[in-house]
Amino acid sequence: MEVIITSEGSIGELVADDIAALLAGKPDAVLGLATGSSPLRIYDSLAARVQRGDVSFARARGFTLDEYVGLPAGHPCGYRTVIDDEFVSRVDFAAGAVRAPDGAASDLAAEAESYDRSITEAGGVDLQILGIGTDGHIAFNEPGSSFASRTRVKTLTEQTRRDNARFFGGDIDAVPRHCLTQGLGTIMQARRIILVAIGKGKAEAVHQLVEGAVSALWPATILQHHPHVTVLIDAAAASRLQLAGYYRYAYANRVAVA
Ligand code: F6R
């Protein structure tokens, strides 16, 4: 696992560089897209690059990680709407190229199974962007999630609903209690994973993710078993890391590997 400690602005540019490099070599790459606040700078940078004609998503495809259950289609806080507003509508994906689980489906189990299968049928995710919850979730795999889990319905923790109330006008009662989420087993099949975290509120979760024991209590720790993970964090999110000095030293002295 590579840990890069840098400013929030550079995080957006560095991840956009990686995505641009992937698309240059594989224009029909499959991207795994996170919602929430952490990836916004990445999406801003990619939108600017598409405007300049430096990058194109015309042949790429995307899969989002998760969706609230029970919000009507088009709800402004639904992750389908969020990814469309924050990213898809600002770049040049072909119509229908970005899929999201349907949290309003009448048969949620069938929707979850079909969504998981569609990722496999697309050839799997080449590069997955992740954020991390303050309770250590990735996608909405809350503590106690099976490391082998596939896309399914989960119950959100009070902590996650409290954290996300800011998107719902500060009203925790407006935050749904359930979601459809890619499983930890689904996410682990991505060929490359980039996790982004900003701010002191993420410091404990980042410490556990990078340096803690692999445990169901901190679901993100499963990423320690993935062969190609990059964690990009600002100094505040890095403030609990025991080996922060080493990660900074290793990055400053990184070797270019072809
Ligand atoms: C969003 C998602 C979540 C968020 C996490 C952090 O699709 O899967 O795991 O990445 O809750 O959210 P932010 O970035 O808003 O702090």
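The values are calculated or read from the model by the stated rules, or taken from the named source; none is laboratory data. Here the structure is a predicted model, which is why all the values come from computation and not from measurement. With ideal geometry, Cβ positions are generated from the backbone for all residues, glycine too; neighbour counts draw on all protein chains shown. What goes into the accessible areas is simple: the full protein's heavy atoms, side chains included, and nothing from ligands, DNA or RNA. Shrake-Rupley method; radii C 1.70, N 1.55, O 1.52, S 1.80 Å.
If you go through region 19-29 one residue at a time, how many are closer than 23 Å to residue 66 by Cα and either over 14 Å from the mean Cα position of the chain (by Cα) or part of a loop (DSSP other than H, G, I, E, B) (or both)?
2
So, of the residues in region 109-139 that are more than 15 Å from the ligand (Cβ to nearest atom) and in a loop (DSSP other than H, G, I, E, B), which turns out to be nearest to the chain's Cα centre (by Cα)?
Selected residue: 126.
Could you count how many residues in region 200-234 are within 18 Å of residue 37 (Cβ to Cβ) and surrounded by fewer than 16 Cβ atoms within 10 Å (Cβ to Cβ)?
So the count comes out to 2.
Identify all residues within region 168-187 that are open to solvent by less than 10 Å² (accessible area, probe 1.4 Å) and touching a Cys at 6+ places or on another chain (Cβ under 9 Å); write none if there are none.
175
Can you tell which of 106, 38, 56 is assigned to a loop (DSSP other than H, G, I, E, B), surrounded by fewer than 16 Cβ atoms within 10 Å (Cβ to Cβ) and among the hydroxyl-bearing types (Ser, Thr, Tyr)?
On inspection, the qualifying residue turns out to be 106.
Considering each of 96, 170, 185 in turn, give the residue that is away from the ligand (no atom under 14 Å from the Cβ), part of a loop (DSSP other than H, G, I, E, B), over 21 Å from residue 74 (Cβ atoms) and over 14 Å from the mean Cα position of the chain (by Cα).
170 is the lone residue from the list that is away from the ligand (no atom under 14 Å from the Cβ), part of a loop (DSSP other than H, G, I, E, B), over 21 Å from residue 74 (Cβ atoms) and over 14 Å from the mean Cα position of the chain (by Cα).
If you scan region 140-167, which residues turn out to be open to solvent by less than 60 Å² (accessible area, probe 1.4 Å), among the basic types (Lys, Arg) and either within 13 Å of the ligand (Cβ to nearest atom) or part of a helix (DSSP H, G or I) (or both)?
Matches in region 140-167: 154, 161.
May I ask you to list pairs of residues, at least six apart or on different chains, whose Cβ atoms are under 6 Å apart, with the first in region 199-211 being among the aliphatic types (A, V, I, L, M) and the second being assigned to a helix (DSSP H, G or I) and open to solvent by 40 Å² or more (accessible area, probe 1.4 Å)?
none
Could you give every pair whose Cβ atoms fall below 8 Å, whose first residue belongs to region 20-31 and is crowded, with 20+ Cβ neighbours inside 10 Å, and whose second residue is at pLDDT 95 or above and of a type in the set (S, T, N, Q), counting only separations of at least 6 or pairs across chains?
23/56; 31/128
For every residue, the table says whether it meets (1) modelled with pLDDT under 95; (2) over 14 Å from residue 204 (Cβ atoms).
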position: 226; (1), (2): no, yes
position: 235; (1), (2): no, yes
position: 242; (1), (2): no, no
position: 247; (1), (2): no, yes
position: 256; (1), (2): yes, yes
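From 10, 106, 37, 45, grab the single residue that is out of contact with any Cys (no Cβ under 7 Å at 6 or more places or on another chain), of a type outside the set (Lys, Arg) and more than 25 Å from residue 230 (Cα to Cα).
106
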